[in-house]
Each structure stands twice: as C-alpha cells, then as structure tokens.
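Accompanying notes for the structure given below.
Since every read-out is calculated from the coordinates, none of them should be taken as a lab result. Remember, it's a predicted structure, so these values are computed and weren't measured experimentally. Reconstructed Cβ throughout: ideal geometry from the backbone, glycine too, with neighbour counts over all protein chains shown.
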Amino acid sequence: MVEKEGLYGDEAINTIVQMMENYREEVIVIFAGYPDKMKRFLAKNEGLRSRIAFHIDFPDYNGEELCAILELMCKNRGYTLEVGAIEKCKGIFEIACHNAEFGNGRFVRNVLEQAIIKQSARLVGEYRGKPVDRETMTTLAASDFDINAAKTYKTNQVAIGF
C-alpha cells in the first residue's frame, strides 16, 4: 500500500500515527515486513518512526530449520517423508535461502503442495486403477520433489571443461 505513490499510503500512515498517539495506552500496533521494505515504510513518516519503541529482527530460516517446518507440515497433513526426500528438500532449501526474494515458510508450503500433486500423478501412473494402501498414499518420495518450486532457485552453473 505504501510502495506506490497515489495509493493513499501517506494518508493511511497519518491515520495510524494519530491512532497510536490518541490511544497509546490502549492499543498495540505491530508492523511486519522484510527489513528493506520496513526501512522505507518507516522513512515515510517521522512521527511513525519516533513512536516505534523497539524493533525485533527475525533471521531467515536455514535449510535444516525449513526441513523441520516441512516435516511438521507433513505431519499435520498426515504425510511422511522418505529419508531421501528429506535430504533432497534440505538441498533445495539451502539453495533457496541464498535468494533475496525467498519466502521462508511460504516457500516450504508451496514445495509441499506441489510435491503432493506430483505424488498423486505418480501414484495414478504406477497403480493404474489398482488399490493403493494408505502408507503408500501418505508417503512422499524424493522424486515427488522434482517440482517447479524447487527449480525456482536453482543456481546458474557454468560448465567448464573440454
């Protein structure tokens, strides 16, 4: 809302500042965003910046932490991961972590959702109408993570050789 001129961003900020002042004993305001965008946001209004008591910076997750988030998401949805899938995802997440546009937990959710779709297509092809047991239906394999989200942050590798 405040990134483009003419979208009432300044008016909204002024209203927030006024409410923060008028109701400072009754209201808590939390602003959240990526560090660079938050700096630009706070620079839009000196009154806003001066009313922010403290800042908390949350570092991005690393590959292992993102794997733990993936495992929790899988558990909550009733899925398990093969050992190879966990290792593959750790590699995907470690590469993605180095990208400035990386979305942390949102990226993990996208990876999982695409893997579930890929797993469904794999099972339809493998079983061709035959019964599939529950364990098979709820286990994600490493190949299920050959997906678009995983390719988003692949590094550009230059081959050197003869």
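Among the GluC sites (Glu not before Pro) in segment 16-54, those located in a DSSP loop and surrounded by at most 13 other Cβ atoms within 10 Å of their own Cβ are GLU25, GLU26. Between helix 83-96 and the chain, what is the angle of the helix's C-alpha long axis to the longest principal axis, kept within 0 to 90° and rounded to the nearest 10? The two axes meet at around 40 degrees. Considering only ASN104, ASN148, ASN45, the Gaussian network model of the chain with Cα springs below 10 Å gives its largest mean-square fluctuation to ASN45.
Given the pairs LYS90/LYS118; LYS44/LYS151; LYS37/LYS118; LYS39/LYS151; LYS37/LYS151, which are separated by over 29 angstrom at their Cα positions? Pairs exceeding the cut-off: LYS44/LYS151; LYS37/LYS118; LYS39/LYS151.
Only Lys, Arg, Asp and Glu carry charge here, each on its Cβ (+1 for the first two, -1 for the last two); on that basis the chain has a dipole of about 480 debye about its Cα centre.
Relative to the longest principal axis of the chain, what angle (0 to 90°, nearest 10) does the C-alpha long axis of helix 9-22 take? In the chain, helix 9-22 runs at an angle near 70 degrees to the longest axis. Is the shape of segment 9-51 rounded, prolate or oblate, going by the alpha carbon gyration tensor and its root eigenvalues a ≥ b ≥ c, with a/c under 1.5 for rounded and a/b larger than b/c for prolate? Prolate is the answer for segment 9-51, as a/c is 1.5 or above and a/b outweighs b/c. Shown here is the pair-distance distribution of the chain: with all Cα-Cα distances grouped in 10 Å bins from zero up to the longest one, the shares run 9, 27, 21, 20, 15, 7, 1, 0 percent.
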